[in-house]
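Okay, structure first, notes after.
The values are calculated or read from the model by the stated rules, or taken from the named source; none is laboratory data. These figures come from a predicted structure and were not determined experimentally. Cβ: placed from backbone, ideal geometry, glycine included. Neighbour counts: every protein chain shown.
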Amino acid sequence: MIPEPRAIGVWQTAFLGDAVLTLPLLAALRARFPEAAIHLFVRAGLEGLFAAQPELASAQGFAKRGSEKGLAAWRFGRGLKSRDLDLWISAHTSARSALVAAASGIPRRIGYDAPWFNRLAYTETVSRRFHELEEVERLMALLAPLGIGPEAPEARLVLPEAALARARAIWETDLPEDDGPVLGVHPGSTWPTKCWPVGHFSRVLDLAASAGARILLLAGPGEEGVARAVLDGAGDLARRRTRNLAAALSLPELAAVIGRLTAYLTNDSGPMHLAWVQGVPLAAVFGPTTRSLGFFPRGAGSTVLERDLPCRPCGLHGHRLCPEGHHRCMTEIRPEEAWAALAPKLGLAG
């Protein structure tokens, strides 16, 4: 009989949304192995988001674009020997991730069976079944060798108190003093073709302000310009009822602010996942990507806005420019359509 693990490493060093999507897997591991210490390894810069997650003993960043890139990943894996981990679960399929797993020498290592080199790096592999399952269920498949069923448990993001306090302060000092619902609007994305047109976001600000909503404009570092353009394109009432918090928040603070929203409007981006995993209703605009790829916001309060076009999806992520030269997947989703989805979530007339 294989002894139950005492220390478990979970590896997911892809993007923000991918890391958030591991939360149901972590909840399932905690339920099955309540005495084990679970350590989450994520892309450097994301670890603070999971610092208070109750399932975890620790969250650690991996500098895949910095000091630990290339063959340094092998040294990182060798360094895991000192952690006395006896179970390793990798949710990432890159050669670097396989290298870390192989170097670690952890007795039991579970990963996906493709690409081919994974079968050399892991002691057990499972099929990802990419075109059959949603991403959360693909992740849950990694737990099958442990006797954990495929049904994903409900999971919630738990944030550090300092981030929650910052969000409370924003509600007390930065919002117009009335009791209207609060709409969060996040117009940025790493991928330019994933961005809904600026003018469409501006129009939603006008519609929301006219209906009585208060608005928080959210954006990460480097997205200040698009946030300013959205605000500049809106009318006077919308500008008065909007607070621009572009690049003003740490990642845990952004998550805490999103967690307090009445509803959220976003592109298909990492922050989208910070909403549904906290039970916040949202509308997400999908263009180059599709809901069918499996990375969509879950939950009854989530709405995906997309167009059925023969060129979609044009990739797993996005592109710098539309490969077809028209970007119809985004331009044809009108602001009024987004507002019709958001208004009931805000308790306002559409």
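Would you call Gly188 buried (at least 19 other Cβ atoms within 10 Å of the Cβ) and under 21 Å from the mean Cα position of the chain (by Cα)? Yes; evaluated as a whole, the condition is true for this residue.
Would you check if there is a residue in the range 266-283 being among the charged types (D, E, K, R), touching a residue at least 40 places away in the same chain (Cβ under 8 Å) and farther than 29 Å from Phe130 by Cα? The answer is no, given that none of the residues of the range 266-283 is among the charged types (D, E, K, R), touching a residue at least 40 places away in the same chain (Cβ under 8 Å) and farther than 29 Å from Phe130 by Cα.
Residue-wise test of (1) surrounded by 14 or more Cβ atoms within 10 Å (Cβ to Cβ); (2) touching a strand residue (DSSP E or B) at 6+ places or on another chain (Cβ under 7 Å).
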position: Ala300; (1), (2): no, no
position: Val304; (1), (2): yes, yes
position: Arg307; (1), (2): yes, no
position: Pro313; (1), (2): yes, no
position: Gly318; (1), (2): yes, no
position: Pro323; (1), (2): no, no
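The condition of being farther than 19 Å from Phe50 by Cβ, without any contact (Cβ under 8 Å) to a residue 24 or more places away in the chain and assigned by TED's automatic domain parsing to the domain that holds Leu25 holds for Phe117. Residues in the range 328-343 that are in a loop (DSSP other than H, G, I, E, B) and within 24 Å of the chain's Cα centre (by Cα): Ile333 alone.
When Asn244, Asn267 are screened for being crowded, with 20+ Cβ neighbours inside 10 Å and either in the same structural domain as Glu306 (by TED's automatic domain parsing) or modelled with pLDDT under 95 (or both), only Asn267 passes. Right, Glu35: at pLDDT 95 or above and surrounded by fewer than 16 Cβ atoms within 10 Å (Cβ to Cβ) or not? Here the answer is yes, as Glu35 does meet what is asked.
Within the range 81-101, the set of residues being in contact with a Phe, Trp or Tyr (Cβ under 8 Å, 6 or more places away or on another chain) and either free of Cβ contacts under 8 Å to residues at least 12 places away in the same chain or farther than 20 Å from Arg138 by Cα (or both) comprises Leu99, Val100.
Only residues that are surrounded by 20 or more Cβ atoms within 10 Å (Cβ to Cβ) and of a type in the set (Gly, Ala, Ser) were counted in the range 15-32, giving 2.
For the range 89-108, the set of residues classified as over 22 Å from Phe15 (Cα atoms) and surrounded by 15 or more Cβ atoms within 10 Å (Cβ to Cβ) consists of Ala102, Ala103, Ser104, Ile106, Arg108, listed by residue number. Assessment of the range 165-188 against the conditions (free of Cβ contacts under 8 Å to residues at least 60 places away in the same chain, within 30 Å of Pro288 (Cβ to Cβ) and of a type in the set (D, E, K, R)) yields no matching residue. In the range 299-323, the qualifying residues are those that are more than 14 Å from Lys194 (Cβ to Cβ) and at pLDDT below 95, and the one that is farthest from the chain's Cα centre (by Cα) is Ala300. Trp171 passes every criterion in (1) closer than 21 Å to Thr266 by Cα; (2) of a type outside the set (A, V, I, L, M); (3) touching a Pro at 6+ places or on another chain (Cβ under 9 Å) apart from (3). Checked against (1) closer than 21 Å to Pro192 by Cβ; (2) in contact (Cβ under 8 Å) with a residue 60 or more places away in the chain; (3) surrounded by fewer than 17 Cβ atoms within 10 Å (Cβ to Cβ), Phe296 meets all criteria but (3).
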